[in-house]
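The values are calculated or read from the model by the stated rules, or taken from the named source; none is laboratory data. Remember, predicted model here, so these are calculated numbers, not experimental data. Every residue, glycine among them, receives a Cβ derived from its backbone with ideal geometry; neighbour counts consider all protein chains shown.
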Amino acid sequence: MSIEQLESIAQAMVAPGKGIIAIDESNNTIKKRFDTVGVPNTEENRRAYREMLLTTPGLNQHISGAILYDETIRQSTKAGVPFTKLMLDAGILPGIKVDRGPFPLAGFPGELVTEGLDGLRERLNEYAKLGAKFAKWRAVITISGDSPSGTCIEANCHALARYAALCQEAGIVPMVEPEVLMDGAHDIDECYEVTEATLRSLFASLYEQNVFLEGTILKASMVLAGKDCPDQSDSEDVADATIRCLKAAVPASLPGIVFLSGGQSDEFATANLNAMNQQGPHPWPLSFSYGRAMQQAALKLWGKDMAANFASAQSTVAQRARENGLAALGQWKKGA
């Protein structure tokens, strides 16, 4: 795939009023979600749940792509249509999570580094054949005491850059996700410092590894206070701090930035994205790549009665997509 094709896919991922739905939970993570609604974690239930999400009528109006898990990218609808074909026919780009998750960083107790580079070239080539147009790799940065160390940030950003270079070699757009976790009692200022340091390290690593930025998407965490901080930030504060941080650390040549919800409530994640876009225009489109904040309400409905609540669960997904699509334009209004 040419450089121009990578660039056009990246631009399509952040088309105006559209964002990404993340349905790439591992089988262990989806088990936790299913347990909360009493759904057995079987392969068929996982397939049926993802089919419910991906066949939502009108999903493509506000969703440009979906991040899938290894099992999901190989699955089909009940009628036998591969999910990737269903998506591409609807104009929704298939994405794939390729990291192996975070592991303890040797020599740095309490810190994590994401692994999964071994064998990645072969896996990416297979995913490209299966229809993947973009991929995702998530690094996890924890704020606690003296953490994160410079070593932790550097190790994660180096891995993100190696992954990104391998993606582009395979003709796949890399989504780089350095998530600064909301866990902890840190305030918004400390989150700002860590996020800026992480983003500066990330773009330095991407530059060193010859990654083509115009064919890369950043999946960023918002700059906000930790969930145990007594002084919680409102949407205006989150928007101000996040935009300042991005402008300080992210090159303008990047085609777009999508935000993770990271444990925020559905409405707060939407309100924060909306507040940021109301401050625009910015050097890059700002959109969403939400998992829980797109699925949570629908899963509760679907889990109660998969057959009877199928349509109402889908309309909940469509509504969340619409609200976040409006927030990506700065046009969302609470309760509208």
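The table for this structure:
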{"item": "First in region 161-173 and within 14 Å of Gly116 (Cβ to Cβ), second anywhere and acidic (Asp, Glu) and assigned to a helix (DSSP H, G or I), Cβ under 7 Å, 6 or more apart", "result": "Ala161/Glu208"}
{"item": "Residues of region 15-29 that turn out to be more than 10 Å from Ala328 (Cα to Cα) and under 16 Å from the mean Cα position of the chain (by Cα), as a count", "result": "8"}
{"item": "Hits in region 117-151 - residues which are surrounded by 19 or more Cβ atoms within 10 Å (Cβ to Cβ) and either closer than 14 Å to Val173 by Cα or not β-branched (Val, Ile, Thr) (or both)", "result": "Leu120, Leu124, Tyr127, Ala132, Lys133, Phe134, Ala135, Lys136, Trp137, Arg138, Ala139, Pro148"}
{"item": "Per-region count, region 88-113, residues more than 17 Å from Ile217 (Cβ to Cβ) and either in contact with a His (Cβ under 7 Å, 6 or more places away or on another chain) or not acidic (Asp, Glu) (or both)", "result": "16"}
{"item": "Filter result (loosely packed, with under 12 Cβ neighbours inside 10 Å, touching a helix residue (DSSP H, G or I) at 6+ places or on another chain (Cβ under 8 Å) and within 20 Å of Ala66 (Cα to Cα)) within region 22-44", "result": "Glu43"}
{"item": "Selection from region 98-114 of residues that are farther than 15 Å from Arg162 by Cα and either surrounded by 14 or more Cβ atoms within 10 Å (Cβ to Cβ) or hydroxyl-bearing (Ser, Thr, Tyr) (or both)", "result": "Gly101, Pro102, Leu105, Phe108, Gly110, Glu111, Leu112"}
{"item": "Complete set of residues in region 298-319 that are surrounded by 17 or more Cβ atoms within 10 Å (Cβ to Cβ), within 22 Å of the chain's Cα centre (by Cα) and without any contact (Cβ under 8 Å) to a residue 40 or more places away in the chain", "result": "Thr316"}
{"item": "Count of residues meeting criterion [assigned to a loop (DSSP other than H, G, I, E, B), buried (at least 19 other Cβ atoms within 10 Å of the Cβ) and not hydrophobic (A, V, I, L, M, F, W, C)] in region 199-231", "result": "3"}
{"item": "Selected residue (only one of Lys97, Lys85, Lys133 is closer than 23 Å to Arg46 by Cα and over 20 Å from the mean Cα position of the chain (by Cα))", "result": "Lys85"}
{"item": "Qualifying residues in region 320-336 (those that are surrounded by fewer than 13 Cβ atoms within 10 Å (Cβ to Cβ) and either among the basic types (Lys, Arg) or in a helix (DSSP H, G or I) (or both)) - the one modelled with the lowest pLDDT", "result": "Lys334"}
{"item": "Residue that is nearest to the chain's Cα centre (by Cα) [pool: residues in region 272-297 that are part of a loop (DSSP other than H, G, I, E, B) and of a type outside the set (Phe, Trp, Tyr)]", "result": "Gly291"}
{"item": "In region 280-291, residue surrounded by the fewest Cβ atoms within 10 Å (Cβ to Cβ) [restricted to those that are out of contact with any helix residue (DSSP H, G or I) (no Cβ under 7 Å at 6 or more places or on another chain) and in contact (Cβ under 8 Å) with a residue 40 or more places away in the chain]", "result": "Gly280"}
{"item": "Residue in region 250-271 that is in contact with an Asp or Glu (Cβ under 8 Å, 6 or more places away or on another chain), on the phi < 0 side of the Ramachandran plot, part of a helix (DSSP H, G or I) and at pLDDT 95 or above present", "result": "yes"}
